[in-house]
1. Counting other C-beta atoms within 10 Å, and keeping those with at most 10, which DSSP coil trypsin sites (Lys or Arg not before Pro) do you find in the stretch 1-61?
2. If you average 1/r over all unlike Cα pairs in the stretch 89-158 and invert the result, what Kirkwood radius do you get in angstrom?
3. Taking the Cα centre of the stretch 9-73 as origin and charging only Cβ (+1 Lys, Arg; -1 Asp, Glu), how large is the dipole, in debye to the nearest 20?
4. List the pair-distance distribution P(r) of the stretch 9-73, using every Cα-Cα distance, as the percent of pairs falling in each 5 Å bin from 0 up to the bin containing the longest distance, rounded to whole percents.
5. Of 42, 27, 16, which is farthest towards the positive pole of the stretch 9-73's charge dipole, taken about the Cα centre with +1 and -1 on the beta-carbons of Lys, Arg and Asp, Glu respectively?
6. Write out the chymotrypsin sites (Phe, Trp or Tyr not before Pro) in the stretch 7-38 meeting two conditions: DSSP loop, and at most 11 other Cβ atoms within 10 Å of their Cβ.
7. Which order do 57, 121 fall in if you start with the one that has the fewest other Cβ atoms within 10 Å?
Amino acid sequence: MQVRKLAHYSIRSFDLEKSSRFYQKVLGFTPGYRPPFDFPGVWLYMGGDEKDFGTVHIIGIDPANPEGLKQYLGDKDIPLTGTGTVDHIAFLVTGLVEFWSVFEDEGIAWRDRTVPSLGLHQVFVEDPSGVTIELNFPASEIAAVGSYASHVAAAGERS
C-alpha cells in the first residue's frame with residue numbers, strides 16, 4: 001500500500017462566488033470540469049492537474065435547498081467556518097513579491113514568518129470560509145527582498 005499524494009480538498013461554502021474568486025485571483029487556480037451534481041459547486045485546478053480531478057472542490061451550500069448536498073455528502077453538524085479540526089492546508093510556491101501584491105490589491109491580511117532550518121519563508125492567509133492556507137516560499141526569496149516593510153519602502157523610492 002502507498003499513498004502517493006493529496007488528491008484534493010473540499011470546502012463547504014455559503015458564498016460560492018467569493019470562495020471561487022479567492023482561489024482563482026489569489027492562488028491562481030483555474031475552474032474546470034465538475035460533474036453535474038445536485039448541489040452547487042466549482043472544481044478548481046492547479047496548473048496542469050486536469051487529469052487529477054482538481055485541487056480544491058468548493059461545495060456550495062444552498063440553505064433554501066440543501067437536499068442534493070445532504071443526499072450526496074451527508075449533513076454536517078459542525079460549524080461551517082474555519083478549518084475545524086484541520087489546522088491548515090499548505091502549498092509549495094514561488095513569487096513572494098507577486099503574492100504580496102495580490103494580497104494588497106485584494107485587501108487580504110496575511111502573516112509572514114521564516115523557518116531558517118527548513119529554508120522556507122511561510123505566508124499564511126485565510127480563504128473566505130476561514131480555512132487557513134500556508135504558502136511556502138524558498139527562503140532565498142525573502143532574503144532577496146528583505147521584509148515586506150523594506151520591500152514597500154524600496155518600491156516607494158523607485159516610484
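1. On the way: sites: 4, 5, 12, 18, 21, 25, 51; in loops: 4, 5.
Qualifying residues, ordered by number: 4, 5.
2. Details: mean 1/r = 0.0795 Å⁻¹.
After inverting the mean inverse Cα-Cα distance, the result is 12.6 Å.
3. Details: 7 positive and 8 negative charges, 33 e Å.
Its charge dipole is roughly 160 debye.
4. Answer for the stretch 9-73: a P(r) of 4, 19, 29, 24, 15, 7, 2, 0 percent.
5. Positive-end residue among those listed: 27.
6. Qualifying residues, ordered by number: 33.
7. On the way: 57 18, 121 21.
Ordered by Cβ neighbours within 10 Å, fewest first: 57, 121.
FYI, it's all coordinate maths here, none of it is from the lab. Because the structure is predicted, anything quoted here is derived from the model rather than measured. Cβ atoms come from the backbone with ideal geometry, glycine included; neighbour counts cover every protein chain shown.
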